[in-house]
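Input: a single structure, listed below in structure tokens.
The values are calculated or read from the model by the stated rules, or taken from the named source; none is laboratory data. In this text the structure is predicted, and so the values were computed from the model without any measurement. So basically every Cβ, Gly included, is an ideal-geometry build from the backbone, and we count neighbours across all protein chains shown. Areas reflect the complete protein model, heavy atoms only, side chains present, ligands, DNA and RNA absent. Shrake-Rupley method; radii C 1.70, N 1.55, O 1.52, S 1.80 Å.
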Amino acid sequence: MLCSLWYWPRAQDAYTGAMTSKYFTPSGGLPPQTQLLTDRAVFTDSYAVIPKGVMRDIVVSNLPFWDKTRAWILARPLSGFAETFSQYIVEVAPNGGSDRPETEPEAQAALFVTKGAATLTIDGVDHSLSEGSFAYVPAGVPWSFKTGPDAGCTFHWIRKAYEAVDGIPAPDPVVTCDADVPPTPMPDTDGVWATTRFVDPNDMRHDMAVTIVTFQPGGVIPFLETHVMEHGLYVLEGKAAYRLNQDWVEVEAGDFMWLRAFCPQACYAAGPGPFRYLLYKDVNRHPGL
């Protein structure tokens, strides 16, 4: 699905005059030798912050069966780190992609495009993706991802092993767009806190939720959320002060946060524009015993 890009204002590059993506997208490279080492990276036993400044060429990875592609791996199942999911930022050059993107048959995928365009083929059906496109691919369903000769594509790829439940059917594929899904205001917030839900949260076929959370300037999470769901948060736009466990951390567009289950969290949106992040959480299943 080609997104309705007119819905969202886009920035203009100060040097080239070209229109840039609405969503922050890393460009890699390396900082100069004169740059100080000071940055905002934090890794604790309850949360991690990977700021945009450390997403450089030296930390990218190649992926099996992907051509002209590199990936920043932000989260992976690991003792003392993410337990339920992995999350990548994938950069595909023109005429790149994969006919065999997933090598684990139990893995489902959520994709969100931050820059460029591509064709996603799910079970033989082609879908045109552009900035703001979201797609869900169920586990075991064949898919491919290809860019054309004129443009590359950068997207987030969230992977989770699907937890099937006897008596509940597997979910269907979903292809939609940020601009075409009306945000749902949170109760009693006058719309300053809203969630873009690409999938019905009451659909028990799904065991993970990938949404976009939006705070208008000055909006807050007015209590310390403390809950069983693990989170991955990638800041698409804006900046905020985020409470992570006992710490207040400043975050901005391009930063990634991982929060383990029960890590207390809250935030203040700093402005001057909206603060928006792509959110992963595990839902709708009993905890394993």
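So Asp207 fits all but one of (1) over 18 Å from the mean Cα position of the chain (by Cα); (2) more than 24 Å from Pro272 (Cα to Cα); what number is the exception?
Checking Asp207 against (1) over 18 Å from the mean Cα position of the chain (by Cα); (2) more than 24 Å from Pro272 (Cα to Cα), the one that fails is (1).
Would you say Asp126 is open to solvent by 40 Å² or more (accessible area, probe 1.4 Å) and in a loop (DSSP other than H, G, I, E, B)?
no
Within region 84-100, work out how many residues are of a type outside the set (A, V, I, L, M, F, W, C) and within 17 Å of Val210 (Cβ to Cβ).
4
Show the residue pairs meeting these rules: Cβ distance below 8 Å; 6+ apart or different chains; first residue within region 249-266 and more than 24 Å from Arg56 (Cβ to Cβ); second residue among the basic types (Lys, Arg) and surrounded by fewer than 23 Cβ atoms within 10 Å (Cβ to Cβ).
Short answer, once both residue conditions are applied: Pro264/Arg243; Gln265/Arg243; Ala266/Arg243.
Going by what's in this entry, would Arg243 be described as in contact (Cβ under 8 Å) with a residue 24 or more places away in the chain, open to solvent by 10 Å² or more (accessible area, probe 1.4 Å) and on the phi < 0 side of the Ramachandran plot?
Criteria met by Arg243.
Going through region 265-289 one residue at a time, which ones are under 16 Å from Phe223 (Cα atoms), open to solvent by less than 30 Å² (accessible area, probe 1.4 Å) and either of a type outside the set (A, V, I, L, M) or not in a strand (DSSP E or B) (or both)?
If the condition is that a residue be under 16 Å from Phe223 (Cα atoms), open to solvent by less than 30 Å² (accessible area, probe 1.4 Å) and either of a type outside the set (A, V, I, L, M) or not in a strand (DSSP E or B) (or both), then Gln265, Cys267 are the ones that fit.
Is it true that Val175 is open to solvent by 20 Å² or more (accessible area, probe 1.4 Å), touching a residue at least 40 places away in the same chain (Cβ under 8 Å) and touching a strand residue (DSSP E or B) at 6+ places or on another chain (Cβ under 8 Å)?
yes
Of all residues in region 129-142, how many are touching an Asp or Glu at 6+ places or on another chain (Cβ under 7 Å) and buried (at least 22 other Cβ atoms within 10 Å of the Cβ)?
2
One residue is enough: does region 233-242 have a residue meeting the conditions over 30 Å from Leu120 (Cα atoms), among the aliphatic types (A, V, I, L, M) and in contact with a strand residue (DSSP E or B) (Cβ under 7 Å, 6 or more places away or on another chain)?
yes
From the list Val220, Val210, pick out the single residue that is of a type in the set (Val, Ile, Thr), at pLDDT 95 or above and closer than 21 Å to Asp188 by Cβ.
Answer to the check: Val220.
Looking at region 181-209, I want the residues that are free of Cβ contacts under 8 Å to residues at least 40 places away in the same chain and on the phi > 0 side of the Ramachandran plot and have a partner that is in a strand (DSSP E or B) and not charged (D, E, K, R) with Cβ atoms under 7 Å, at least 6 apart or on another chain. Which pairs are those?
Correct list of pairs: Gly191/Pro185.
Go through region 207-230 residue by residue and tally those that are open to solvent by less than 10 Å² (accessible area, probe 1.4 Å) and under 17 Å from Phe112 (Cβ atoms).
Qualifying residue count, region 207-230: 2.
Go through Trp72, Trp8, Trp66 for me and flag whichever is at pLDDT below 95 and among the aromatic types (Phe, Trp, Tyr).
Answer to the check: Trp8.
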